[in-house]
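Undergrad: One structure, as structure tokens, below. Some questions next.
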Amino acid sequence: MTIEPSRSARLGLSVVLALALLGMTIAGLGCGPRYPKVTSKENLTLVLALRTACSTEDPARLEKVEKAIQRASGEGKLTEAERTALERIVSMARKGEWKQAERACRSFAKAQLN
């Protein structure tokens, strides 16, 4: 003898599964961009210098960091993912989105801990 779950039990299970899937999707998407692991201590220094430029909202400091990023990229010291992430943050700061850029730097730095 087999016991069939009631229609309401099947519906309840479907709702729970759908909500779990939605929650996992939101958690994955809602965390913002994923940041790469830096490949050297020097590259982590760029992230931290960029954060300082953003937190102080200092265009001159931002310019220096941007040049250092370009130099490191030209010397092949940055991976494509590192360069793209750093340039995206520089772009935010250039648009005057200093707070968002600083949060992005903080997230980039925190990604190094995991």
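Undergrad: Can you find a residue in segment 99-113 that is closer than 16 Å to Thr39 by Cα and polar (S, T, N, Q)?
TA: So far as segment 99-113 goes, yes, one or more of its residues are closer than 16 Å to Thr39 by Cα and polar (S, T, N, Q).
Undergrad: Evaluate the following for Arg88: is it out of contact with any helix residue (DSSP H, G or I) (no Cβ under 7 Å at 6 or more places or on another chain), modelled with pLDDT of 95 or more and either crowded, with 16+ Cβ neighbours inside 10 Å or farther than 13 Å from Tyr35 by Cα (or both)?
TA: Here the answer is no, as Arg88 does not meet what is asked.
Undergrad: Something else: Test Glu82 against the stated conditions and say whether it is surrounded by 17 or more Cβ atoms within 10 Å (Cβ to Cβ) and over 14 Å from Pro36 (Cβ atoms).
TA: Against the criterion (surrounded by 17 or more Cβ atoms within 10 Å (Cβ to Cβ) and over 14 Å from Pro36 (Cβ atoms)), Glu82 does not qualify.
Undergrad: Answer with yes or no whether Glu57 is outside any helix (DSSP H, G or I) and surrounded by 14 or more Cβ atoms within 10 Å (Cβ to Cβ).
TA: The answer is yes for Glu57.
The values are calculated or read from the model by the stated rules, or taken from the named source; none is laboratory data. If you're wondering where the values come from, they're calculated on a predicted model, not measured in any experiment. Reconstructed Cβ throughout: ideal geometry from the backbone, glycine too, with neighbour counts over all protein chains shown.
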